[in-house]
Amino acid sequence: MSRRGLLLAAALGSAAMLFVALMFVPVLFGASQFMFGGGGAGSACVDTSEAGAQPAEAQDAGAIPADYLALYKKAGKEYGIPWNVLAGIGKVETSHGTSRLPGVQSGENYAGAGGPMQFLEATFKSFAVDGDKDGDKDRYDPDDAIPSAARYLKHNGAPDRMRTALFMYNHSWDYVNLVLDWAKRYVGGDFSVVQSNGVECDDNQLPANADELVQRIIAFAMAQRGKRYVFGANGPDAWDCSSLLQGAYRTVGLSIPRTTFEQWPYGVKIDKGKEQPGDLVFFNSGPGTSSNNPGHVGMVIGKGKMIVASCSTCSPNIGVKSYKRSDWIGTTRPLARPDMKRKVAELAAQPQSAP
């Protein structure tokens, strides 16, 4: 083959590899959405009301040391984590502290983990619980390690997103399945965990104390649950925090500014504790923000909850969460502006088309 032919073949080969890579990368990113429960619009709601229920022990639970069984049950009740899942972790990690391998009684294993629940030191420091109230948080002490594991699972989405939380505990789906196999055995086999897709049934009911206009605004925002957060996106397949709310208001013929920084001074300020469905709640979150220049926003739906497009790595990206958090700095009511009131009145006076 001539030099020119070789160069052409190499160029075609590189182009083919690039094409494969471009095809493969979205598959990976798409898979991660389903792996961590990103879901999609229109996903059926998941009933999470019994996610933290404490099942009765079965015969196999008798093999768990009595002191560990009591600690699993205590931590499970305190953190709303099924106790048998904690027991499944304890079994897989160290056989409930009875293993004599390095890193169980003292020291660390090859990965740097230690104690009966096999915590990395840095992770334990972040989530450690002084379970026995002795003034010391010790990852080798089951009194501390077991409730710390429950707290860590809770941080990662348990019990409503249990498989996700277990995967974050140890990044292996084989590990997740093994833990859950033991969890089933300890309660006689009739057990399954909840894995919410971000659309939870107890959030589906629209606020009864809101008028029809506000219910329509909220209904649109709620229908976006399970879609992706993409900074700068304007729908319909992806949104950021402020565009989601702008889009929701737009569906009823009302216009609010596009960005969080513009939305903050737009509405009438409302005292904390007096917020109503449809109000906007703002947070001192994100680069360049401050207590009077919030960078994140959600919409009140009631009972201390908001519908919000959180972030691209959040689970779910868009969903229902509490707005009563430490960085909540204020609330506004766009519908209280005089010009918005006039616009609402104009819309109400327009003849309605027949269904």
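The values are calculated or read from the model by the stated rules, or taken from the named source; none is laboratory data. Bear in mind the structure is a predicted one, so any value in this text is a computation, not a measurement. Methodologically, a virtual Cβ is constructed for each residue, glycine included, from the backbone with ideal geometry; neighbour enumeration extends over all protein chains shown. Note: accessible area is taken over every heavy atom of the protein model, side chains too, but ligands, DNA and RNA are not part of it. Shrake-Rupley method; radii C 1.70, N 1.55, O 1.52, S 1.80 Å.
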Going by what's in this entry, would LYS274 be described as charged (D, E, K, R) and in a strand (DSSP E or B)? no
What are the pairs with Cβ atoms under 7 angstrom where one residue, in segment 262-278, is of a type in the set (Val, Ile, Thr) and the other, located anywhere, is assigned to a strand (DSSP E or B) and open to solvent by less than 70 Å² (accessible area, probe 1.4 Å)? Sequence gap at least six, or different chains. VAL268/THR332; VAL268/ARG333; ILE270/THR331; ILE270/THR332; ILE270/ARG333
So, in segment 303-335, exactly how many residues are open to solvent by 20 Å² or more (accessible area, probe 1.4 Å), assigned to a strand (DSSP E or B), touching a residue at least 40 places away in the same chain (Cβ under 8 Å) and not β-branched (Val, Ile, Thr)? 3
Note on GLY226: of the conditions (1) in a loop (DSSP other than H, G, I, E, B); (2) in contact with a Gly (Cβ under 9 Å, 6 or more places away or on another chain); (3) surrounded by fewer than 19 Cβ atoms within 10 Å (Cβ to Cβ), unmet is (3)
Check SER196, SER192 and return the single one that is touching a residue at least 40 places away in the same chain (Cβ under 8 Å), among the hydroxyl-bearing types (Ser, Thr, Tyr) and closer than 21 Å to VAL46 by Cα. SER196
Mind listing whichever residues of segment 188-212 are assigned to a helix (DSSP H, G or I) and crowded, with 17+ Cβ neighbours inside 10 Å? ASP203
The conditions are (1) crowded, with 20+ Cβ neighbours inside 10 Å; (2) of a type outside the set (A, V, I, L, M, F, W, C); (3) closer than 22 Å to LEU69 by Cβ, and ARG185 fails exactly one of them. Which is it? (1)
All-but-one check, ARG216 against (1) in a helix (DSSP H, G or I); (2) touching a residue at least 40 places away in the same chain (Cβ under 8 Å); (3) surrounded by fewer than 23 Cβ atoms within 10 Å (Cβ to Cβ), failing number (2)
With the requirement that a residue be of a type in the set (Ser, Thr, Tyr) and over 20 Å from LEU206 (Cα atoms), what does segment 291-330 give you? SER291, SER310, SER312, THR313, SER315, SER326
List the pairs whose first member sits in segment 59-80 and is more than 25 Å from SER49 (Cα to Cα) and of a type in the set (S, T, N, Q), whose second member is modelled with pLDDT of 95 or more and part of a helix (DSSP H, G or I), and whose Cβ atoms are under 6 Å apart, counting only residues at least 6 apart or on separate chains? none
Please verify whether VAL193 is among the aliphatic types (A, V, I, L, M) and more than 27 Å from PRO316 (Cβ to Cβ), treating the condition exactly as stated. no
If you take the residues of segment 234-271 that are assigned to a helix (DSSP H, G or I) and in contact with a Phe, Trp or Tyr (Cβ under 6 Å, 6 or more places away or on another chain), which of them is surrounded by the fewest Cβ atoms within 10 Å (Cβ to Cβ)? TRP264
Taking into account only those residues within segment 168-182 that are free of Cβ contacts under 8 Å to residues at least 40 places away in the same chain and in a helix (DSSP H, G or I), which is surrounded by the most Cβ atoms within 10 Å (Cβ to Cβ)? VAL176
